[in-house]
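K.L.:
Pasting in a structure now, in structure tokens, and then I'll have a few things to ask.
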Amino acid sequence: MSETPPDAHPRRIDCVLICGGVWHDIDFARLELLKLLADDPAVRTRVFEDYENIAAIEGADILITYTCDITPSLPAQEALKAWLARGGRWYALHGTNSVLRLLSDGPNAGLWDAPRWAPLFMDLLGSQFISHPPIAPYRVEVADPDHPLVQGVEPFETTDELYHLETHGDLHVLLDTCCTEPGTGFVEAEAAPGRHPVFYIKHHGAGAVLYLTLGHCRGHYDLQPLLDWWPSVDRCAWDLPVFHDLLRRGVAWLKEPLGEAAGE
């Protein structure tokens, strides 16, 4: 029996999905992202809670992350940098760029701090989360309507965490928003007002990071041990068709340089 010609079928795409951290319904986000990836049978996905399986990252074609307060070790950060430079594509979602510490003493006791403990990681991502106002409706604007990732997307309202970001390097901003309120409960709250990216690309060598700040989600148990029971189940932008459209577009972008058929 003759073998199937290599160009007769799509090539396999190896994906690493990292979902982990605190204060979010990680189970919900993980399942939604796996369902999205399962739409393409060529994508084979390994799932981890952190970045420490360096061999898996180095062997991946594409990377997706939905985390909160998960910082890679320095060896993992260096592996990510090299992987991006070789052509890796990374879709980073929501709290991937967060480092959070609740201060227990001093003048800022009871506030959340965003310590600058991972400068290489934040440089790779292109931003670090600093604060957000209370979850409330806000308008997302289209910064580059001609870019394929947002072509045809209209400005929209969402109820989500509006991320106040410290940005790093040259970002190609696709969506952005205007923050008008302080980041309540955070050390650097007063710096929040201003215009902030919501969806952007940062290039690294032959590779790139695509970042989307939307996508907060929280269930009843996700604030433990700070709070035993949260009274509502919050899905925020996950309830919007446009958010799922941006997820699908981002996954298609991840796969673009890989080609449609084996050998491309």
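The values are calculated or read from the model by the stated rules, or taken from the named source; none is laboratory data. All values derive from a computational prediction rather than experimental measurement. Virtual Cβ from ideal backbone geometry, glycine too; neighbours counted across all protein chains shown. When the accessible area is computed, the model is the full protein with side chains, heavy atoms only, and any ligands, DNA or RNA have been set aside. Shrake-Rupley method; radii C 1.70, N 1.55, O 1.52, S 1.80 Å.
K.L.:
Being closer than 24 Å to Ala114 by Cα and touching a Ser or Thr at 6+ places or on another chain (Cβ under 7 Å) is the filter here, so list the residues in region 141-176 that pass it.
P.N.:
Leu162, Tyr163, His164, Leu165, Glu166, Thr167, His168 - these are the residues of region 141-176 that are closer than 24 Å to Ala114 by Cα and touching a Ser or Thr at 6+ places or on another chain (Cβ under 7 Å).
K.L.:
Any idea which of (1) open to solvent by 30 Å² or more (accessible area, probe 1.4 Å); (2) at negative phi is the one Ala42 doesn't satisfy?
P.N.:
Ala42 satisfies all of (1) open to solvent by 30 Å² or more (accessible area, probe 1.4 Å); (2) at negative phi except (1).
K.L.:
Follow-up question, since we're still on this one. Taking Glu190, is it over 29 Å from Val233 (Cβ atoms) and either of a type in the set (Asp, Glu) or not in a loop (DSSP other than H, G, I, E, B) (or both)?
P.N.:
Judged against the criteria, Glu190 is a match.
K.L.:
Okay, moving on. Under 6 Å between Cβ atoms, at least 6 apart or on separate chains: pull out the pairs that start in region 133-150 with a residue that is more than 15 Å from His196 (Cβ to Cβ) and end on any residue that is surrounded by 11 or more Cβ atoms within 10 Å (Cβ to Cβ) and modelled with pLDDT under 95.
P.N.:
Pairs that qualify, where the first residue is more than 15 Å from His196 (Cβ to Cβ) and the partner is surrounded by 11 or more Cβ atoms within 10 Å (Cβ to Cβ) and modelled with pLDDT under 95, are Pro134/Thr184.
K.L.:
Further question: Are any of the residues in region 165-175 touching a helix residue (DSSP H, G or I) at 6+ places or on another chain (Cβ under 7 Å), buried (at least 20 other Cβ atoms within 10 Å of the Cβ) and at pLDDT 95 or above?
P.N.:
No, the conditions are met nowhere in region 165-175.
K.L.:
What's the total number of residues in region 74-110 that are in a loop (DSSP other than H, G, I, E, B) and within 24 Å of Leu214 (Cβ to Cβ)?
P.N.:
Of the residues in that region, 4 qualify.
K.L.:
Please specify each residue of region 141-166 satisfying the condition of being closer than 15 Å to His94 by Cα and in a strand (DSSP E or B).
P.N.:
Answer for region 141-166, where residues must be closer than 15 Å to His94 by Cα and in a strand (DSSP E or B): Thr158, Thr159, Asp160, His164, Leu165, Glu166.
K.L.:
Within region 99-112, identify whether any single residue is open to solvent by less than 10 Å² (accessible area, probe 1.4 Å) and either in contact with a His (Cβ under 7 Å, 6 or more places away or on another chain) or at pLDDT 95 or above (or both), and answer yes or no.
P.N.:
yes
K.L.:
Identify all residues within region 198-222 that are out of contact with any Leu (no Cβ under 6 Å at 6 or more places or on another chain), surrounded by fewer than 22 Cβ atoms within 10 Å (Cβ to Cβ) and in a strand (DSSP E or B); write none if there are none.
P.N.:
If the condition is that a residue be out of contact with any Leu (no Cβ under 6 Å at 6 or more places or on another chain), surrounded by fewer than 22 Cβ atoms within 10 Å (Cβ to Cβ) and in a strand (DSSP E or B), then His203, Ala208, Arg218 are the ones that fit.
K.L.:
Please verify whether region 166-173 includes one or more residues that are in contact (Cβ under 8 Å) with a residue 60 or more places away in the chain and at negative phi.
P.N.:
No; the residues of region 166-173 include none that is in contact (Cβ under 8 Å) with a residue 60 or more places away in the chain and at negative phi.
K.L.:
Could I ask something else about it? I'd like to verify a number: residues in region 45-55 that are open to solvent by 70 Å² or more (accessible area, probe 1.4 Å) and either touching a strand residue (DSSP E or B) at 6+ places or on another chain (Cβ under 7 Å) or more than 10 Å from Ala76 (Cα to Cα) (or both), how many?
P.N.:
Residues meeting the conditions: 2.
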